[in-house]
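To start, the structure itself, in structure tokens.
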Amino acid sequence: MTTPRTGDKTAVRAWRPDTADRVAASRVPLQPRWAALARRRAVIVASAPRTTCGIATLLGLVCFVDVAWPHHWRVLSAFDPLPSGPGRATTEVVVAMCALGLLRVAAGLRRRKRTAWVIAVAACVLIAVVDLVRVENRPVEGVLTIILLAILLLARGEFQARPDPHNRRVAIRRGSTLSAVALGYGFVLINLSGHVPGSPTPLARAREVLLSFVGLGGTLRMADGDFADAFHASLLAMGLLTAASTAVLLLRTSEPLPHLSRADEERLRDLLARSGERDSLGYFALRRDKSVIWSPSGKAAITYRVVAGVALVSGDPIGDPEAWPGAIEAYRQLVARYGWTQAVMGCSELGATVIRRELGLCVLGLGDEAVLATTCFSLEGRAMRAVRQPHARVARAGYVASARRVREIGPAELAELRAAADAWRTDRVERGFSMALSRLGDPADGDCLVVTARQDGELRGLLHFAPWSRRKVSLDLMRRDPSSDNGLNEFMIAELMSAAPGLGIDEVSLNFAVFREALERGSRVGAGPISRLWRRFLLVASRWWQIDSLYRFNGKFHPEWRPRYFCYSSARDVPRIACAAMEAESFIAWPAFLRHLVGRP
């Protein structure tokens, strides 16, 4: 287009709209740019928890190297009123504490913890302030600090997982106690005669103690230099101990006290009565060390327990499978609210399919459950010789077995059974979480089945089964007198299978064989090196846990093997989930004083 001549007003008026059109057209390509920036910001925000976790870990390590690396410090004019020695020590302590804090909160950032976000932001600000008073430049540390702080502020909305209120109470209580002890210690020392010349006021003494507690002491002159060094160092050490212990308790993963109310238990029993036939582990949801979350319709529920920040679910959801997605979604929201790790132990194939579809979890085969059908069970034949021979030997020794429901047993005999079960337990604590009820003879468990074996009227062994619908039972407890004859357990199971038709029982679920398929596959001719190595590892682990022995015991009865699965969020969470599961099953037991010290229930 040609430029209009000067003075031609008509041409100018005609040219102006064209200019506006050209300006508007030039702005059109800017819209995709803003859209691209918005998409890039969305990607950064979405990946912020994982990104900040990695950067915080790296920055914490860099800060620790910086503190340990020999170099000199200089305090600028802002610190001139303070003695140079305490100022230098304080800056180093600040960097070290910030590094420790970043390493501690890194995992909390990945779980979107709000408290971890606050501490990480505070640590970045402190590191940036300390960098301003240094002579030496720390470019790597400075760049990492700026990047981490920028991402934290940009994605602050992503870190909304709430801490457990129990954590706050315990942290405040422990911090207040340690602070009172430290300050009392300082007041006693500073008021000892002869250490502080002159007559400073009580306010000056109190200020010196408080400043020494945070590493800024030195406002009062002391007569003995060695005493002054010991006074300042000890108070600073107690201050660091107080800050570290309080931070650890604040950042400790949520572990609320499990609670199953009477109303929830009754609702669960109603669901089990209507649809409990699908899962042999359904009755174990009635353990009273679990919590429950319901679907919006109330037709399904999930029971769980939080251990070390892992929300452990055992078995399938309870109730109608059509209502499972509602309960699973409620569980997902609860886990996201507190930043817990998702994990499901021992679910069936149907449960694993639904959980994988609804939660996107990974699924791994955990083992197989041994199930006996009463209509197919018989001691005849060569294959059952491993059960028939011990059964005959124990029967010749005068043992007599009986199978009864708990409601048919009197209080005196129930007390005898409980005492015997506790006496014959080989461990100090009662183990079990996902596949054990951990109680015997409770009035609410009248449908449970008890098999006892007596010799000359003396109790020598017992089995306890939880009801699995009206016509099925699942093994809960297996105990025998250590002095009884070998093969007593086989004898009691065989006697139960003989009496099962009269009791109206169609199926009996026995022990759970962990990694049964791996043990069987590794023992086959032509097994690969990985299968043989994995089997060898499981055999070594069987020295501490009954892996191979349970598989061989169950295999004697030639049961139907039904697979069970383990669902987890990611591979890096597997060690954490494994430790939490072992603690829930009581394979790991913390001393009582240590649990009290860290405020664990």
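Observations, loosely collected:
- Residue that is most open to solvent (accessible area, probe 1.4 Å), among those in the range 467-488 that are hydrophobic (A, V, I, L, M, F, W, C) and under 30 Å from Ile318 (Cα atoms): Met478
- Residue check for Asn511: over 35 Å from the mean Cα position of the chain (by Cα) and of a type outside the set (Lys, Arg): no
- If you check Ala578, Ala494, Ala541, Ala527 for being modelled with pLDDT of 90 or more and among the small types (Gly, Ala, Ser), only one passes: Ala494.
- As for the range 282-295, it holds at least one residue that is small (Gly, Ala, Ser), in a strand (DSSP E or B) and under 28 Å from Ala161 (Cβ atoms).
- Residue identified as modelled with pLDDT of 85 or more and β-branched (Val, Ile, Thr) among Thr90, Thr52, Thr115: Thr52
- Any hit, the range 226-241, residues being among the hydrophobic types (A, V, I, L, M, F, W, C) and over 43 Å from the mean Cα position of the chain (by Cα): yes
- Answer residue from the range 312-341, given it is free of Cβ contacts under 8 Å to residues at least 60 places away in the same chain and open to solvent by 60 Å² or more (accessible area, probe 1.4 Å) and is farthest from Arg576 (Cα to Cα) among those: Glu322
- Total residues in the range 517-543 satisfying the condition of being more than 32 Å from the chain's Cα centre (by Cα), surrounded by 12 or more Cβ atoms within 10 Å (Cβ to Cβ) and not hydrophobic (A, V, I, L, M, F, W, C): the figure is 1.
- The lone criterion from (1) at pLDDT below 75; (2) assigned to a helix (DSSP H, G or I); (3) surrounded by fewer than 19 Cβ atoms within 10 Å (Cβ to Cβ) left unmet by Pro256 is number (2).
- Take the conditions (1) open to solvent by less than 60 Å² (accessible area, probe 1.4 Å); (2) farther than 18 Å from Asn511 by Cβ; (3) not in a loop (DSSP other than H, G, I, E, B); Ser378 misses just one of them, which is (3).
- Some residue of the range 541-553 being in contact (Cβ under 8 Å) with a residue 60 or more places away in the chain and closer than 30 Å to Gly381 by Cβ: yes
- For the condition part of a strand (DSSP E or B) and farther than 24 Å from Ile588 by Cβ, Ala444 does not qualify.
- Every residue from the range 435-474 that is among the basic types (Lys, Arg) and under 21 Å from Ala263 (Cα atoms): Arg439
- Meets criteria (closer than 21 Å to Cys362 by Cα, charged (D, E, K, R) and either open to solvent by 10 Å² or more (accessible area, probe 1.4 Å) or touching a helix residue (DSSP H, G or I) at 6+ places or on another chain (Cβ under 8 Å) (or both)) for Asp270: no
- Counting the residues of the range 138-157 that are within 18 Å of Leu103 (Cβ to Cβ) and either surrounded by fewer than 18 Cβ atoms within 10 Å (Cβ to Cβ) or touching a strand residue (DSSP E or B) at 6+ places or on another chain (Cβ under 8 Å) (or both) gives 2.
- From the options Ala412, Ala419, Ala370, Ala395, residue that is among the small types (Gly, Ala, Ser) and in contact with a Ser or Thr (Cβ under 8 Å, 6 or more places away or on another chain): Ala370
- Of the listed requirements (1) under 26 Å from Glu349 (Cα atoms); (2) at pLDDT 90 or above; (3) in a helix (DSSP H, G or I), Tyr304 misses just one: (3).
- Residue pairs whose Cβ atoms lie under 7 Å apart, separated by 6 or more positions or on different chains, with the first residue in the range 559-573 and open to solvent by less than 40 Å² (accessible area, probe 1.4 Å) and the second among the hydroxyl-bearing types (Ser, Thr, Tyr) and outside any helix (DSSP H, G or I), are Arg564/Ser348; Asp573/Thr341.
Conditions (1) in contact with a Phe, Trp or Tyr (Cβ under 9 Å, 6 or more places away or on another chain); (2) surrounded by fewer than 19 Cβ atoms within 10 Å (Cβ to Cβ); (3) modelled with pLDDT of 85 or more; (4) within 22 Å of Glu369 (Cβ to Cβ), marked per residue:
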position: Ala412; (1), (2), (3), (4): no, yes, yes, no
position: Arg431; (1), (2), (3), (4): yes, yes, no, yes
position: Val451; (1), (2), (3), (4): yes, no, yes, yes
position: Phe465; (1), (2), (3), (4): no, no, yes, yes
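- Evaluating Gly360 against the criteria (1) crowded, with 17+ Cβ neighbours inside 10 Å; (2) of a type in the set (Gly, Ala, Ser); (3) closer than 30 Å to Phe566 by Cβ leaves one unmet condition, (1).
- Every residue from the range 342-354 that is open to solvent by 10 Å² or more (accessible area, probe 1.4 Å) and touching a residue at least 40 places away in the same chain (Cβ under 8 Å): Gln342, Met345, Ser348, Glu349, Leu350
- Hey, Leu152 modelled with pLDDT of 85 or more and touching a Leu at 6+ places or on another chain (Cβ under 7 Å) or not: no
- Any chance Ala423 is within 30 Å of Val307 (Cα to Cα) and more than 31 Å from the chain's Cα centre (by Cα): yes
The values are calculated or read from the model by the stated rules, or taken from the named source; none is laboratory data. In this text, all values refer to a predicted model and were calculated from it rather than measured experimentally. As a convention, Cβ positions derive from the backbone with ideal geometry for all residues, glycine included, and neighbour counts pool all protein chains shown. In case anyone asks, the SASA skips ligands and DNA or RNA and just uses the protein heavy atoms, side chains included. Shrake-Rupley method; radii C 1.70, N 1.55, O 1.52, S 1.80 Å.
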